[in-house]
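The values are calculated or read from the model by the stated rules, or taken from the named source; none is laboratory data. Being a predicted model, the structure only gives us computed values, none of them experimental. Every residue, glycine as well, gets a Cβ built from its backbone with ideal geometry; the counts of neighbours run over all protein chains shown.
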Amino acid sequence: MNTAAKPTDVTESAAEPTQYLTFQLGNEVFAIGILAIKEIIEYDAVTVVPMMPECIRGVINLRGSVVPVMDLSIRFGKTSNPVTKRTCIVVIETQRDGEHELVGVVVDAVNAVIDIGAGDIEPPPAFGARIDADFIQGLGKLNGKFVILLDVQRVLKVESIGSGLANGASTDASTAMATTIPANDTSRATATA
């Protein structure tokens, strides 16, 4: 009886492609690892919360949970794009202080789920990117073009967007929004398009 352990082939699993959801912001294509995405919903009324950074559009009620909604175009230093039939909210699960949190991000359109192998990912550029290089996990090669792979934890890091808050309000946008309006309180909700 051979009791020697078989070596595991680490290179085989490392070579497997990772799935990413691609989406549009203006004319640019971005991607987020599919494992961070909880769901994609149609853009609907967002409740505006006062004194939030400009890139936080407000909150939505997602099955009883208050979920902050971030406008990625504004987060990347651009102007907000108009809402169209293809505009969606991609709900992403992040971790902060060991806790799972949901954050919605507004995108102009969702494209497809793609597979990108580790060998097809280039490191982020040191300069010349139209968004903060810290937000970029890498550049994925797809059909002769590049797709910007976002580092979700850095893009959605609420501490780095706190400078837009007025009068020393909490820099923790998701906590501030979650405690401002209870999920079942619709009496103060102000819908925007």
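Taken over the stretch 35-44, the criterion of being over 11 Å from the mean Cα position of the chain (by Cα) and outside any strand (DSSP E or B) is satisfied by LEU35, TYR43, ASP44. Figure legend. Inter-residue proximity from the stretch 34-46: first residues without any contact (Cβ under 8 Å) to a residue 24 or more places away in the chain, second residues of a type outside the set (A, V, I, L, M, F, W, C), beta-carbon distance below 9 Å, spacing 6+ or different chains. Indicated pairs: LEU35/THR18; LEU35/GLN19; LEU35/GLU93.
Of VAL49, VAL113, VAL91, all but one fail to be β-branched (Val, Ile, Thr), crowded, with 17+ Cβ neighbours inside 10 Å and not in a loop (DSSP other than H, G, I, E, B); the exception is VAL91. Criterion applied to ARG86, ARG154 was being part of a helix (DSSP H, G or I), surrounded by fewer than 16 Cβ atoms within 10 Å (Cβ to Cβ) and modelled with pLDDT of 85 or more, and the one residue passing it is ARG154.
ARG57 falls short on exactly one of the conditions (1) basic (Lys, Arg); (2) touching a Ser or Thr at 6+ places or on another chain (Cβ under 8 Å); (3) farther than 21 Å from GLN153 by Cβ, and that condition is (3). Based on what the data block shows, is ARG75 within 20 Å of LEU21 (Cα to Cα), surrounded by fewer than 19 Cβ atoms within 10 Å (Cβ to Cβ) and among the charged types (D, E, K, R)? Taking the combined requirement at face value, the residue does not satisfy it. Exactly one residue among GLU39, GLU28, GLU54 is surrounded by fewer than 20 Cβ atoms within 10 Å (Cβ to Cβ) and within 14 Å of CYS88 (Cα to Cα), and that residue is GLU39.
State yes or no: is ASP151 without any contact (Cβ under 8 Å) to a residue 24 or more places away in the chain and on the phi < 0 side of the Ramachandran plot? Give the derivation first.
Details: without any contact (Cβ under 8 Å) to a residue 24 or more places away in the chain: yes; on the phi < 0 side of the Ramachandran plot: yes.
Considered against the rule, which asks whether it is without any contact (Cβ under 8 Å) to a residue 24 or more places away in the chain and on the phi < 0 side of the Ramachandran plot, ASP151 comes out as yes.
The residue pairs whose first member lies in the stretch 104-128 and is over 23 Å from PRO82 (Cβ atoms), whose second member is of a type in the set (A, V, I, L, M) and in a loop (DSSP other than H, G, I, E, B), and whose beta carbons are closer than 8 Å, counting only pairs six or more residues apart or on different chains, are GLY117/ALA15; ALA118/ALA15; GLY119/ALA15.
Just one of the listed residues (VAL69, VAL105, VAL59) is touching a strand residue (DSSP E or B) at 6+ places or on another chain (Cβ under 7 Å), surrounded by 14 or more Cβ atoms within 10 Å (Cβ to Cβ), of a type in the set (A, V, I, L, M) and over 17 Å from PHE23 (Cα atoms), and it is VAL59.
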